[in-house]
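We did not get these values from a lab; they are worked out from the coordinates using the rules stated. This structure is a prediction, so every number in the text was calculated from the model and none was measured. Here the Cβ is made from the backbone with ideal geometry for all residues, glycine too, and neighbour counts use every protein chain on show.
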Amino acid sequence: MATRDAEATKTRILAAAVEEFAAHGLAGGRVDRIAKAASSNVRMIYAYFGDKSGLFDAALVTALRKLASDAPPRPYDLPGWAGDVFDHHRQHPDVLRLSMWAQLERPSATAAPLETYADKVDLIRPTAPAPFSPVDVLVIVYAVAQAWFLSPIGLTGLEGDADGEERLAAHRASVVAAVERMLHT
């Protein structure tokens, strides 16, 4: 008889939930599709996460913690950090999509991983250039790094293939330069 590994099951469920909710949001996400994708069952999802909203919140926290660990702040190289955030969103578009769904459908959920934001603020505090607060710096870095991915394809495609390697490299360089100029670092 096979032994059940609760942590491995939770990990599979969360990975499937991130993908499902990033694609369909909380309202459109289906727990049965998540269970199937995770090789689990709906009963286990409810046992581990309580309800669909609890699963959504856990998926969001998982995605935001991945961003925090994959692209940690570089207090002494804020433009470089903006480039890291850009790269993360390029490689993991589900994180940004899930965050946008959360802002639309469940804004209180985006406050859940408060410690990840607080840790970033503490790291940046000693290097935040005047007149910016550490929170200002976080908002600027995230806003500029995410802008390309949130812009309409009709706009981003005006100068050629919006998803082409050369165009993305040029935009990444623009993100880094913009943060450098905005923050005067």
- [ ] Please give the helix 114-124 orientation as an angle from the longest Cα principal axis of the chain, in degrees from 0 to 90, rounded to the nearest 10.
- [x] 20 degrees
Task: For region 83-159, projected area of the alpha-carbon convex hull averaged over all directions, nm² - done: 6.5 nm²
Open item on the list: Need the full-extension length gain, H24 to V61, defined as separation in residues times 0.36 nm minus the C-alpha distance. One decimal, nm.
Closed with: 11.6 nm
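Let me check I have the definition right: for the chain, take the eigenvalues of the Cα gyration tensor, multiply each by 5, take square roots. What are those semi-axes in whole Å, largest first? Intermediate results must be reported in sequence, preceding the final value.
Details: eigenvalues 218, 80, 38 Å².
With the √(5λ) rule applied to the chain, the semi-axes are 33, 20, 14 Å.
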Open item on the list: Give me the count of lysine pairs in the chain whose alpha carbons sit under 23 angstrom apart, restricted to pairs 8 or more positions apart or on different chains.
Closed with: 6
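Please report the net charge: other residues with Cβ closer than 15 Å to the Cβ of V137, K and R +1, D and E -1.
On the way: positive: R74, K120, R125, R181; negative: D77, D84, D119, D122, D136, E180.
Around V137, the surrounding residues sum to -2.
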Task: Semi-axes of the equivalent ellipsoid for region 125-185, Cα gyration tensor, largest first, Å - done: 27, 11, 8
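Applying 1/(1 + (r/R0)^6) with R0 = 35 Å to the Cβ-Cβ distance of K36 and S108, what FRET efficiency is obtained, to the nearest 0.05?
Details: r = 29 Å, r/R0 = 0.82.
The value I calculate is 0.75.
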Task: Per-residue ³J(HN,Hα) for region 149-157, Karplus 6.51 cos²θ - 1.76 cosθ + 1.60, θ = phi - 60°, Hz, x for Gly and Pro - done: 6, 9, 7, x, 4, x, 7, 5, x
- [ ] Please give the helix 52-70 orientation as an angle from the longest Cα principal axis of the chain, in degrees from 0 to 90, rounded to the nearest 10.
- [x] 40 degrees
